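Written below as structure tokens is the structure these notes are about.
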Amino acid sequence: MDFNFAEVNEAIAAAIPDREALIWRDRRLTHGMLASRSRRLANVLIGRGLGLRRERAGLEPWESGQDHLAIYLYNCNEWVEGMLGAFKARVAPLNVNYRYVEEELVYLFRNSGARAVLYHAEFAPRVAALRARVPEIEVLIQVADDSGQALLPGAIDYDEALAAASDTLPDVRHSPDDLYMLYTGGTTGMPKGVLWRSADIFMAAMGGRKPDGVESASLEEIGAIAEAGGFMRMLVGPPMMHGAAQWGLFINFALGNTCVFADQNKQLDPHDFLSTIAREKISTLTLVGDAFARPLLDQAARQDYDLSTVWLVSSGGAPLSPRNKQAFIDLIPNVTVLDAIGSSETGAQATHGSSKAAGVSTGTFRPGAGACVVSADLSRLLDPAADTDEVGWFAQQGRVPLGYLGDAEKTAKTFPTIGGVRYSVPGDRARYGEDGSIEVLGRDSVTINSGGEKIFAEEVEGALKHHPDVFDVVVAGRPSEKWGQEVVAIVALQPGATAVADDLLAEAAKHIARYKLPKVFLFRDAIQRSPSGKADYRWAKEQVAV
């Protein structure tokens with residue numbers, strides 16, 4: 001069976017209408033309230049002429065037949081209502097990075113073809129400035145905040161619009177083919193809009209699979225699972241503009257759970273985050289790598305918080321170093337620390353768990369449904385038993401995206417057909433371990449070719465993070481007359497730390513081969529990352545070019 005998010009949300013709301021779904025500050029929405037508010041937004045969108053233009057049949061994989069709603073918000077209940085409201089209007093929502101400057105926003109809105117924007121009042125001046133450059137934007141929906149920005153001329157006030165709208169589910173034929181669109185972070189190139197059938201991403205990453213990995217078979221079963229659940233409370237760490245946040249939230253909704261946003265929604269505030277855990281009795285956290293973990297661990301060392309309810313710390317989008325995993329286990333002895341790996345182009349692919357009983361490690365993953373490794377020349381599927389010495393591409397088969405919006409060439413390259421089967425191959429190198437696990441070596445686009453050897457930036461970063469004085473690090477390559485390219489490490493040290501390059505080299509040499517060691521170290525006060533915590537390799541290349 002295939003499903004769309006509109007009917008899934010309605011099935012969950014019907015099963016558990018009075019259970020809390022979403023908490024942010026003083027707003028506590030039940031699943032029934034969230035469904036009602038999203039229906040109202042759907043009717044607002046339809047009333048402004050937005051919806052389906054062409055059914056999926058007959059469209060190319062890189063084409064959309066729906067209108068698009070750009071969601072330009074900090075974390076808040078309106079972000080979730082915006083997604084659900086768009087799905088119920090047969091409009092495709094898309095994520096906007098709120099740190100983008102005007103030129104980047106113009107690119108994104110033009111590339112996405114968005115006809116409507118849902119935005120916080122704080123962003124009104126930016127939206128006003130780009131309207132003339134992006135005339136395709138016809139509908140502006142402004143969410144009031146504490147910025148003091150007035151409603152833009154011609155814009156709709158969000159709360160007023162919802163209050164005046166019907167909460168009846170729109171009379172449109174929702175389809176499993178309706179789009180889920182996720183723009184990549186653009187940390188190695190320009191952002192790309194990944195197009196998924198809602199039915200496929202629901203199963204691949206957003207709650208469609210039951211805890212045993214089997215796909216849900218009916219809406220009745222989805223409702224029953226939600227009704228029987230509700231035992232967890234998840235604190236969403238990353239911005240909702242990041243796939244890890246969206247996926248974690250929808251997985252928990254499908255389990256009948258409650259999701260919580262920290263009060264401070266513009267950047268990570270460690271005290272606020274840890275206080276929210278204690279106040280709301282959070283059981284599971286979603287983070288993005290060491291950029292989230294280290295500030296939380298440092299704050300927990302300075303002040304006591306009741307973290308006794310936490311039993312799972314999950315990181316997606318960037319790995320946690322062994323040192324930070326161990327620190328979480330030392331802080332919360334019964335916790336499991338889970339590295340989850342996947343991408344906008346694959347959905348959730350594999351996981352690796354660390355705990356007091358299992359020990360701490362990183363880099364290898366237990367593959368989930370459809371995760372695999374294909375050969376470097378994209379000619380065949382590698383055998384987990386026979387091809388353990390061969391480095392190939394980390395890939396996904398089964399439920400994979402349709403393509404990249406408006407880009408036939410990149411669609412064909414990233415989603416090749418091998419032996420009659422369509423795969424997603426977004427660019428990570430990988431190989432099988434002897435035990436059937438998958439070792440993910442890193443993104444090929446940030447691979448450094450030095451002295452005839454391929455060196456994966458993320459592998460070098462992981463080796464350097466073993467040194468206790470390293471707060472954050474990113475690695476990039478730059479031209480070298482001797483080596484072709486040389487490895488450069490950009491390092492931010494812990495406050496008060498005194499480590500020098502030789503100290504870091506000595507530690508890294510314990511974990512990686514000598515030829516992979518950095519030739520140059522650049523020390524910076526901070527490492528620039530995306531709001532989600534992912535490394536910004538474009539920034540890194542600018543630094544090493546200086």
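Coordinate-derived values only; no laboratory data. These numbers come from a predicted model, not from an experiment. Note that each Cβ is placed from the backbone with ideal geometry, even for glycine, and that neighbours are counted across all protein chains shown.
Listing for the model above:
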| item | result |
| --- | --- |
| GLU60-ALA497 FRET efficiency (beta carbon distance; Förster radius 56 Å; 0.05 resolution) | 0.60 |
| GLN303-ARG27 pseudo-label distance in nm [points 7 Å out on the Cα-to-Cβ vector] | 2.5 |
| Two-site label geometry, GLU103 and ARG279: point separation in nm, points 7 Å out along Cα→Cβ | 4.0 |
| Counting DSSP beta bridges with both ends in the chain, the antiparallel % (nearest 5) | 60 |
| Simple spin-label estimate for SER480 and GLU215 in nanometres, 7 Å along Cα-Cβ | 4.8 |
| Angle between the chain longest axis and helix 5-15 axis [Cα atoms, degrees, rounded to 10] | 70 |
| Extension gain from ALA376 to PHE231, taking 0.36 nm per residue of separation minus the Cα-Cα distance | 47.8 nm |
| Potential extension, ASP383-LYS410 segment - 0.36 nm per residue separation minus Cα distance | 7.0 nm |
| Square roots of 5 times each gyration tensor eigenvalue, C-alpha, segment 367-449, largest first, Å | 21, 15, 11 |
| Normalised per residue, the volume of the convex hull around the Cα set of the chain (Å³) | 156 |
| Shape call, segment 5-61: gyration tensor on alpha carbons, a/c limit 1.5 | prolate |
| Part-to-part distance (alpha-carbon centres) for segment 1-60 and segment 194-222, which is given in Å | 16 |
| Within-15-Å neighbourhood charge of ALA165 [Cβ basis; K, R +1; D, E -1] | -2 |
| Whole-Å distance, taken between Cα centres, linking segment 400-452 and segment 62-122 | 27 |
| On Cα atoms only, tilt of 270-280 relative to the major axis of the chain in degrees | 50 |
| With Cα atoms, 0 to 90° folded angle of helix 289-302 axis to the chain main axis | 90 |
| Global geometry of segment 169-304, whether rounded, prolate or oblate, following the gyration tensor of its Cα atoms and the 1.5 cut on a/c | oblate |
| Principal axis dimensions, largest first and in whole angstrom, of segment 1-120 by Cα | 41, 37, 27 |
| Principal axis dimensions, segment 451-545 - Cα atoms, whole angstrom, descending | 36, 28, 19 |
| Segment 186-243: radius of gyration over Cα atoms, expressed as a fraction of 2.2 N^0.38 Å | 1.45 |
